[in-house]
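A quick write-up on the structure given underneath.
The values are calculated or read from the model by the stated rules, or taken from the named source; none is laboratory data. The structure presented is a predicted model; accordingly, all values stated were derived computationally and were not measured. All Cβ positions, glycine included, derive from the backbone under ideal geometry; neighbour counts span all protein chains shown. Side chains included, ligands, DNA and RNA excluded: accessible areas come from the protein's heavy atoms. Shrake-Rupley method; radii C 1.70, N 1.55, O 1.52, S 1.80 Å.
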Amino acid sequence: MSTDTLFSIANSSVLPIWLLLALAPGWKVTHWIVGSCAVPLALAALYLVLIATNLNGAEGDFGSLDGIAKLFADREVLLAGWVHYLVFDLFIGTWEVRDARRIGVPHLVVVPCLFLTLMLGPVGLLAYFVCRWVRGEYFLSFERGGAAA
């Protein structure tokens with residue numbers, strides 16, 4: 001399968017989930033689809049295949065910006081990098097929705113954060129953390145049940 005086809009499949013596989021997170025976060029189907037992790041796991045498998053079959057032969061490395069530019073000159077490695085972003089941005093978006101529901105951030109406030117996370121990754125995460133801060137949730141806790149105050 002061509003890299004262009006894989007790119008189209010990867011992109012189109014995450015968009016319905018983003019729409020569900022934004023428009024129907026409380027719907028049973030959304031919980032089922034998001035909870036199954038099927039799409040992120042399938043994309044993670046694609047990422048693994050792309051990396052395993054292409055990274056070793058590609059020029060460049062992770063030690064410098066020039067090295068990364070050389071790595072991403074390879075279309076398969078570039079596709080792997082894009083899939084990496086799709087998986088992790090979607091993971092962050094689903095966490096934002098769950099966390100917001102848990103701490104009582106109104107969903108309409110979360111929707112712009114979701115859009116920013118989809119389009120600009122870390123900017124959306126930063127925006128969501130500002131929403132948490134406004135809500136009085138300053139730090140994350142790794143304990144079950146919440147954020148430390």
**OP:** Look at Val105 and say whether it is closer than 26 Å to Ala22 by Cα and either surrounded by fewer than 13 Cβ atoms within 10 Å (Cβ to Cβ) or modelled with pLDDT of 95 or more (or both).
**Re:** no
**OP:** All but one of (1) surrounded by 13 or more Cβ atoms within 10 Å (Cβ to Cβ); (2) modelled with pLDDT of 95 or more hold for Ala45, so report the exception by its number.
**Re:** (1)
**OP:** State yes or no: is Leu114 open to solvent by 20 Å² or more (accessible area, probe 1.4 Å), in a helix (DSSP H, G or I) and within 19 Å of Leu15 (Cα to Cα)?
**Re:** no
Subject >> Only one of Ser12, Ser8 that is at pLDDT 95 or above, part of a helix (DSSP H, G or I) and exposed (fewer than 10 other Cβ atoms within 10 Å of the Cβ) >> reply: Ser12
Subject >> Lone qualifier among Glu76, Glu59 - being farther than 22 Å from Leu126 by Cα, at pLDDT 90 or above, part of a loop (DSSP other than H, G, I, E, B) and of a type in the set (D, E, K, R) >> reply: Glu59
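What do you reckon, is Asp66 over 22 Å from Thr3 (Cα atoms) and assigned to a helix (DSSP H, G or I)?
Details: over 22 Å from Thr3 (Cα atoms): yes; assigned to a helix (DSSP H, G or I): yes.
Judged against the criteria, Asp66 is a match.
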Original post:
Within the stretch 38-52, can one find any residue that is aromatic (Phe, Trp, Tyr), closer than 25 Å to Ser2 by Cα and in contact with a Gly (Cβ under 8 Å, 6 or more places away or on another chain)?
Top reply: no
Subject >> In the stretch 15-38, the residues that are open to solvent by 40 Å² or more (accessible area, probe 1.4 Å), of a type in the set (A, V, I, L, M, F, W, C) and in a helix (DSSP H, G or I) >> reply: Leu15, Leu19, Leu23, Val29, Trp32, Ile33, Ala38
**OP:** Write out, first by first residue and then by second, each pair whose Cβ atoms fall under 7 Å of each other, whose residues are 6+ apart or on separate chains, and whose first residue, in the stretch 48-63, is farther than 10 Å from Asp74 by Cα and in contact (Cβ under 8 Å) with a residue 12 or more places away in the chain while the second is open to solvent by less than 40 Å² (accessible area, probe 1.4 Å) and among the hydrophobic types (A, V, I, L, M, F, W, C).
**Re:** Leu50/Leu79; Leu50/Ala80; Leu50/Val83; Ile51/Ala80
